[in-house]
Amino acid sequence: MRYITFALGKGRLAKTALKMFEEIGITCEEMKDKDTRKLVFVNEELKFRFFLAKGPDVPTYVEYGAADIGIVGRDTILEEGRNIYEVLDLGFGACRMCVCGPESAKELLQHHEQIRVATKYPKIAKDYFYNKKHQTVEIIKLNGSVELGPIVGLSDVIVDIVETGSTLKENGLMVLEEVCPLTARMVVNPVSMKLEQKRIQEIIARLRDVIAEG
Ligand code: PRP
């Protein structure tokens, strides 16, 4: 039996996903050691391998088949646009992709003005403004703390993830428009899906049951 390899997006996503896997009997004891510097973890008995990667790299590992299965946010899937199958909405990590800014920016979105949009997600932002709103905008790529954009005068608005809304609130910004809802997803390499159909379908079916039970 060959290994089935899981790539997990580092952080909260991976932690919640591992808990969910435990519920269906997929465990990995060596991963629980907080001090380990190991990168790849193995469950020999079940022939599963796990590794943690930066979120945006998860679809890359899965597209190239270096991982059979990936756990990643829908935001990353949309932004990366990789050739992978999205097979399951895991339900956790719920948040929204939104256009945000100061209240004064509201009207800039209504009159199709040429505005500046700062974001970590240029592809999602471009798709939203060009294809859905038919508004020509200048997109400025940032790598984090995107809320700074309108505050320091880099951009008129931002396209970013809103979870609790507290970052916006504490910085005098608000949601102006919703782009799409987001949750964690399971993705699969198309070739793995054929080669390991039985094992992968079983994982999906068991996870579905866990999700349905809430
Ligand atoms: C994300 C996102 C927002 C914040 C939203 O940032 O980009 O800044 O969380 O969460 P809230 O609505 O609950 O306040 P993250 O912490 O990932 O860091 P980043 O600034 O590097 O994007």
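The values are calculated or read from the model by the stated rules, or taken from the named source; none is laboratory data. Quick caveat, the model's predicted, so the values are computed rather than measured. Because the Cβ atoms are built from the backbone with ideal geometry, glycine has one as well, and the counts that use them run over all protein chains shown. Heads up: the accessible areas ignore ligands, DNA and RNA and are worked out on the full protein's heavy atoms, side chains in. Shrake-Rupley method; radii C 1.70, N 1.55, O 1.52, S 1.80 Å.
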Counting only residues that are at pLDDT 95 or above, more than 13 Å from the ligand (Cβ to nearest atom) and hydroxyl-bearing (Ser, Thr, Tyr), the range 108-147 contains a total of 2
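When residues of the range 39-61 are filtered for being β-branched (Val, Ile, Thr) and either under 20 Å from Arg2 (Cβ atoms) or open to solvent by 90 Å² or more (accessible area, probe 1.4 Å) (or both), how many remain? Show your work before the answer.
Filtering the range 39-61 down to residues β-branched (Val, Ile, Thr) leaves 40, 42, 58, 60.
Applying the additional criterion that residues be either under 20 Å from Arg2 (Cβ atoms) or open to solvent by 90 Å² or more (accessible area, probe 1.4 Å) (or both) yields 40, 42.
Residues meeting the conditions: 2.
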I'm told Leu168 meets every condition in (1) within 12 Å of the ligand (Cβ to nearest atom); (2) in contact with a Lys or Arg (Cβ under 6 Å, 6 or more places away or on another chain) except one. Can you identify the failing condition by its number?
(2)
Qualifying position, being modelled with pLDDT of 95 or more, more than 24 Å from Leu195 (Cα to Cα) and either in a strand (DSSP E or B) or open to solvent by less than 70 Å² (accessible area, probe 1.4 Å) (or both), among Thr36, Thr76
Thr76
Give me the residue from the range 148-165 that is of a type in the set (A, V, I, L, M) and farther than 24 Å from Ala94 by Cβ and, out of that set, nearest to the ligand (Cβ to nearest atom).
Leu148
For the range 140-165, enumerate the residues that are within 30 Å of Ala7 (Cα to Cα) and either without any contact (Cβ under 8 Å) to a residue 24 or more places away in the chain or of a type in the set (Gly, Ala, Ser) (or both).
Lys141, Asn143, Gly144, Ser145, Thr164, Gly165
